[in-house]
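*Asks:* Before I ask anything, let me first share the structure, which is written out below as structure tokens.
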Amino acid sequence: MSDQKHIQVEDGKNIIQEIPNEIIEQPKPEKQTPTPEGAVEFIPEKPKVKTEEESFLEESISSLKSKLRSSKKKPTQIPQVRDELTIQVEKIMEQDLSDAFAELTTIQKQEFKMKGERTAFAIRALLKNTHVKVKAIFKLIFEWLKLLPGINKFFLEQEAKIKTDKILALRKTSGK
């Protein structure tokens, strides 16, 4: 059963509102105060009652966040395998680049050096394979040389080709 309540609206119409048996307290209309010129929005605070489901969700979300934070990949260091082949590849790569390297800023020098070490390591891995991919070696060297600012693209291609040929000759003389 539900009770009915008649409410009279300002324009004189009656509205019937059904009220369930439970007592619901509705705020009594207060005298209206004049509103300021700009619209002011009032958002009443809702009472925060956590149900078991919400607390379970919050716990699972926080545990997932902590797992994600801890599982972020750390920057991987290339293992410093400085065998003879790697050292020879690095020497070939650094030939005729002292002038261009001297013009770089300290940050650019560090980036160039790190990229060069990664490139040398990748070339070493390619040389260890039975089938050497010359084009892959050329691309690695060319991408590394592109870090040098203000040098003609065609000159970089020529240098990359020369260095690739020297590295391939190194592979033939070293036995593998």
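Read-outs: derived from the displayed coordinates by stated rules, not from any lab. This is a predicted model, so every value here is computed, not measured. With ideal geometry, Cβ positions are generated from the backbone for all residues, glycine too; neighbour counts draw on all protein chains shown.
*Asks:* If each of residue 118 and residue 131 carries a label point 7 Å out from its Cα toward its Cβ, how far apart are those two points in nm?
*Replies:* Output for this residue pair reads 2.7 nm.
*Asks:* Along the Cα→Cβ direction, 7 angstrom out, place labels at residue 57 and residue 83. What is the inter-label distance in nm?
*Replies:* That separation, rounded to one decimal, is 5.7 nm.
*Asks:* Here's another thing I want to ask about it. Per 0.36 nm of contour for each residue apart, how much would the distance between residue 173 and residue 69 grow if the chain were fully extended, relative to their Cα-Cα spacing?
*Replies:* Extra length from residue 173 to residue 69 when fully extended: 32.5 nm.
*Asks:* Of 113/135; 67/113; 139/166; 67/115, which sit over 24 Å apart, Cα to Cα?
*Replies:* Beyond 24 Å: 67/113; 67/115.
*Asks:* May I pose another question? Using R₀ = 22 Å, calculate the FRET efficiency as 1/(1 + (r/R₀)^6) where r is the Cβ-Cβ separation of residue 152 and residue 101; round to 0.05.
*Replies:* 0.85
*Asks:* How much length is gained on full extension from residue 111 to residue 94, taking 0.36 nm per residue of separation minus their Cα-Cα distance?
*Replies:* 4.7 nm
*Asks:* Just for the Cα atoms in the range 84-174, what are the lengths along the principal axes, largest first, rounded to whole Å?
*Replies:* Reported extents, whole Å, longest axis first: 39, 26, 17.
*Asks:* Show me 116-125, 87-96, 150-159 ranked by packing, highest mean number of other Cβ atoms within 10 Å first.
*Replies:* Top of the packing list down: 116-125, 87-96, 150-159.
*Asks:* OK, next. What number, in percent, do you get for the relative contact order of the range 84-174 if the mean sequence gap of Cα pairs under 8 Å and at least 6 apart is divided by its residue count?
*Replies:* 33 percent
*Asks:* Once each part is reduced to its C-alpha centroid, what is the distance from the range 145-161 to the range 87-109 in angstrom?
*Replies:* 13 Å
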